[in-house]
Amino acid sequence: MKKLSGFLKTGQVLLQKPSKKAFRNAVQMIKELKLSQEEQHLEESYFKTPVLPPQQYQAMVMLLKTFSTQLSTIAEKLMIEIAHSDPLIVQKAKEVMRKRYSEALTLEEIASSVPVSPSSSKSKIQRVNWHRSDGLFEEG
């Protein structure tokens, strides 16, 4: 299942004032590419497009690059965190084992504290026990 970490929406801007000639050229290119668009809608959108001075445009591009880099870094960290996290049932079993580390727990005792039957949780509990034997859990 894919999850959306972030969304960056940008819009179109022009660096020069829109002209009828440039619009006709754009419409001709659209027709040559056989794209279906209503010319009236295109014209309205084209002439409503904001015009920015080049310096302001470059500043916006720099800001968007910075934002996209930060968003990418956060998304990468989230993906690594998700990839290395245990399923909820294993997390719950680990928590029980952390709290009762010094006790000789049975599979049934651990399974009773997580929402599964002892037989279905056996392989997951074995994984937790493997972590426990490696010293990944420390006493209180």
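No value in this document is a laboratory result; all are computed from the given coordinates. This structure is a prediction, so every number in the text was calculated from the model and none was measured. Heads up, the Cβs are rebuilt from the backbone with ideal geometry, glycines too, and the neighbour counts pull from every protein chain shown.
For the reader, a short list of remarks on this structure follows.
- Calculated P(r) tail over 18 Å for the stretch 53-97, as whole % of Cα pairs: 57 percent
- Qualifying GluC sites (Glu not before Pro) for the stretch 82-113 [loop in DSSP, other Cβ within 10 Å: at most 14]: Glu103
- Fraction of C-alpha pairs exceeding 15 angstrom in the stretch 26-88: 73 percent, rounded to a whole number.
- Under 5 Å, built H, 5+ apart or other chain: amide partners of Leu14: Val51, Leu52
- Relative pair counts by distance (%), Cα atoms of the stretch 1-112, 10 Å bins: 10, 21, 17, 18, 11, 8, 9, 5, 0
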